[in-house]
1. Of everything in the stretch 157-173 that's aliphatic (A, V, I, L, M) and modelled with pLDDT of 95 or more, which residue is farthest from D138 (Cα to Cα)?
2. Determine, yes or no, whether R442 is farther than 28 Å from Y213 by Cα and either among the small types (G, A, S) or not in a loop (DSSP other than H, G, I, E, B) (or both).
3. Here are some conditions: (1) touching a residue at least 24 places away in the same chain (Cβ under 8 Å); (2) open to solvent by 50 Å² or more (accessible area, probe 1.4 Å). V136 meets all but one. Which one does it not meet?
4. Anything in the stretch 427-460 that is touching a residue at least 60 places away in the same chain (Cβ under 8 Å), more than 22 Å from D187 (Cβ to Cβ) and surrounded by fewer than 15 Cβ atoms within 10 Å (Cβ to Cβ)? List them, or say none.
5. Which of the residues spanning the stretch 265-280 are in a loop (DSSP other than H, G, I, E, B), open to solvent by less than 30 Å² (accessible area, probe 1.4 Å) and not small (G, A, S)?
6. Can you say whether L2 is open to solvent by less than 80 Å² (accessible area, probe 1.4 Å), at pLDDT 95 or above and either more than 13 Å from L163 (Cβ to Cβ) or out of contact with any Ser or Thr (no Cβ under 7 Å at 6 or more places or on another chain) (or both), as far as the supplied structure shows?
7. Working carefully through the options D215, D249, D187, find the one that is within 30 Å of M384 (Cα to Cα) and either of a type outside the set (S, T, N, Q) or in contact with a strand residue (DSSP E or B) (Cβ under 9 Å, 6 or more places away or on another chain) (or both).
8. Would the stretch 149-156 turn up any residue that is charged (D, E, K, R), open to solvent by less than 50 Å² (accessible area, probe 1.4 Å) and under 27 Å from L22 (Cβ atoms)?
Amino acid sequence: MLFNSFSYAIFLPIVFILYWSLPMRFQWAVLLVSSYYFYMSWNAGYILLIVSVTVISYLTALLTEKTADPKKKKLFLLLDVSAGLSLLFVFKYFNFFSQAVAQTAGFFSVPLDPVLIHVILPVGISFYVFQTISYVADVYMGRAAAENHFGKYAAFVAFFPQLVAGPIERTSHLLPQIKSPRTFSYDQASGGLKLMAWGFFKKLVIADTFAGYSDMVFNHVTSFRGFSLLMAVFFFTIQIYCDFSGYSDIALGTAGLFGIELTDNFKSPYFSGSVKEFWSRWHISLSSWFRDYVYIPLGGNRVSKLRHKFNLMITFLASGLWHGADWTFVFWGMVHGLAQVLEGLIPGRKKSRPNWFATVIVFLFVSFAWIFFRASTLNDAYYMITNAFTGITSPLRYLSEGISALELGKKGLLFCLTVMLVLGSYDSASRKTNVIAWIGRRKPVFRWSIYLLLVWSILFLTPASNGKEFIYFQF
């Protein structure tokens with residue numbers, strides 16, 4: 001069930017009415033049942049997976065808390081981590097590693113056919129597995145108490161707004177909200193609807209429009225060259241941001257309808273003055289997860305300089321692999337890891353203040369790295385990089401042929417520039433203020449004009465190819 005589907009438009013109001021109509025003691029039950037129904041709408045059989053992950057993490061956390069033996073505590077933690085990662089390996093990484101082994105054997109002239117399994121990747125498995133691992137780890141480290149009420153814990157794991165693409169919530173933030181009875185707040189619900197509308201605008205109007213141009217090139221890379229390749233990279237840079245942050249806005253807004261606050265996953269990342277800052281603003285819940293449960297346990301920066309660089313690289317390689325079982329994602333993670341290592345070598349970097357030049361450089365680097373993330377193969381990525389400037393010696397022809405190849409047209413170009421201006425203005429302003437709250441404090445004529453314009457845009461400017469899945473659903 002996609003957020004941008006008719007079925008969700010029916011599902012959400014029903015859950016909302018039940019949640020606030022029934023006695024408060026049943027709120028967690030409404031969330032649990034609706035979340036399981038939401039998940040089963042993708043593939044009913046895979047409900048067994050999320051239930052299994054929930055049961056294992058629930059029991060191992062209780063056992064971890066009750067035992068005083070440090071070795072047994074670690075054993076229970078390893079049991080939960082092993083169970084979660086084993087599921088990820090089977091459903092997401094088995095074929096990748098099997099093919100890698102076969103390729104390695106072939107390099108040494110040892111014939112070996114890869115063993116492949118054909119299964120559908122369960123939606124959201126990477127997200128809820130990581131959420132349960134962090135829960136058991138927090139119990140192990142004494143950061144959180146194990147939850148005794150299985151139903152409320154299950155609702156925490158399966159909470160439908162953030163189930164399939166995050167944010168990856170921490171125990172101390174979301175679980176207490178699931179457990180505590182909520183009272184209806186008009187302001188919170190109203191703010192949630194406004195945030196959902198902005199998220200739908202980013203996804204449907206911007207991301208899906210830009211996807212038409214980026215997909216045209218990335219799906220048939222060798223049919224293009226020159227400026228059209230650069231434009232495809234730029235379009236995807238905007239597409240993935242609006243697609244994923246749009247999802248996050250809808251998730252946060254939906255949670256707000258139920259009186260629950262989720263972690264803000266994006267904070268104007270393309271205005272970052274360094275790659276390190278970018279990762280503190282992009283997919284914040286995942287970045288902080290890898291920091292707390294991979295980077296810091298490896299030693300973080302409290303080790304030798306060489307080991308610190310190693311820790312950075314391992315963390316980003318793992319992050320790349322988390323995104324997908326393909327060398328393109330591994331390479332993307334490696335590129336970001338190398339960038340952070342090199343940033344650490346710049347003299348006086350920590351003392352220097354971010355400026356517009358640094359912001360532009362970081363934006364260009366992040367856009368370049370997205371090539372590996374989006375390309376179907378490393379060969380496609382190499383083709384794009386080596387052919388992006390073909391014909392640039394004739395600048396006017398280079399630009400006109402690139403625009404013509406994408407069939408953009410004057411209206412298309414004007415539309416893209418307009419929505420980019422809206423997006424850039426919003427993100428720039430949101431660095432200092434809550435834009436939605438600011439609009440809500442304006443005079444009725446002004447704010448309702450904005451609201452109606454936003455709804456009109458969603459209804460009439462969404463491309464005909466509406467219904468595209470969110471990019472991060474595949475992870």
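1. Filtering the stretch 157-173 for residues that are aliphatic (A, V, I, L, M) and modelled with pLDDT of 95 or more, the one farthest from D138 (Cα to Cα) comes out as A158.
2. no
3. (2)
4. S428, R431
5. Passing the criteria: N265, F266.
6. no
7. D215
8. Yes: the stretch 149-156 contains one or more residues that are charged (D, E, K, R), open to solvent by less than 50 Å² (accessible area, probe 1.4 Å) and under 27 Å from L22 (Cβ atoms).
The values are calculated or read from the model by the stated rules, or taken from the named source; none is laboratory data. No experiment lies behind these values; they were computed from the predicted model shown. Counting neighbours? That spans all protein chains shown, and the Cβs are built from the backbone with ideal geometry, glycine included. Surface areas here come from the heavy atoms of the whole protein model, side chains and all, with no ligands, DNA or RNA. Shrake-Rupley method; radii C 1.70, N 1.55, O 1.52, S 1.80 Å.
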